[in-house]
Amino acid sequence: MKLDAIRTLRQLVLQSSLLLCVCLLVVPPARAAEPGLREELGAEQFEAFGLSRLTAAELARLEAWLAAGRPAPSPAPSASSGTDEAEQGPTETPMVSPAAPAPVLTVEDFGDEQIRREERDANLGERFRARIQGSFEGWEGKTLFRLDNGQIWRQRIGGRYRYRAESPTVEIVKGRFGYYLEVVETGRQVGVRRIR
């Protein structure tokens, strides 16, 4: 009787081991996660955009939408069918769409959402070049960049870069998560926000 119990135990261990091996071969390893909006924007910008109020599912949907470059199809809300929500079960919250289509960004509007409309003073495109006024020593923290066209941009992403030059040429570029200032001579970039 004791011998039968040992044989049964061995068979169970062998079957369990075999099942575990099959599972390891069938299930692919998890891929390393790409940085999400929180990592790309930083905690301050993430909070400023109100993204911390999103649920995990809403944030995942937003990240998927940004990655695809277009909205994911969502079912249109239907008229009340007279059934209780409890009867229908849980439903997915549809993406909020604006009542009117978003305005098309024009050359005159580039960066304008960051300052008051009456202060707008430049005709801009998808990217533009300008020179920093006077001596330039890089950036650190919340550096102000005064351009020769009268615009003032402030560093919005932390970091430090040391580079000395007299009135270097820079490019302001609109990226996926905001505007970036690039020192043309070195190719180094930092996130910026237009303040005037």
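Any read-out appearing in this document is the output of simple, stated calculations on the displayed coordinates, not a laboratory observation. Keep in mind it's a predicted model, so treat the numbers as computed, not measured. All Cβ positions, even for glycine, are placed from backbone atoms using ideal geometry, and neighbour counts span all protein chains on display.
Structure values in brief
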item	result
Ordering of 134-142, 50-58, 146-154 by packing [mean C-beta count within 10 Å, highest first]	146-154, 134-142, 50-58
Nearest-0.05 FRET efficiency for LEU14 and ALA67, computed from C-beta distance (R0 35 Å)	0.20
Cα→Cβ-extended label distance, 7 Å offset, between ASP148 and GLU47, nm	4.0
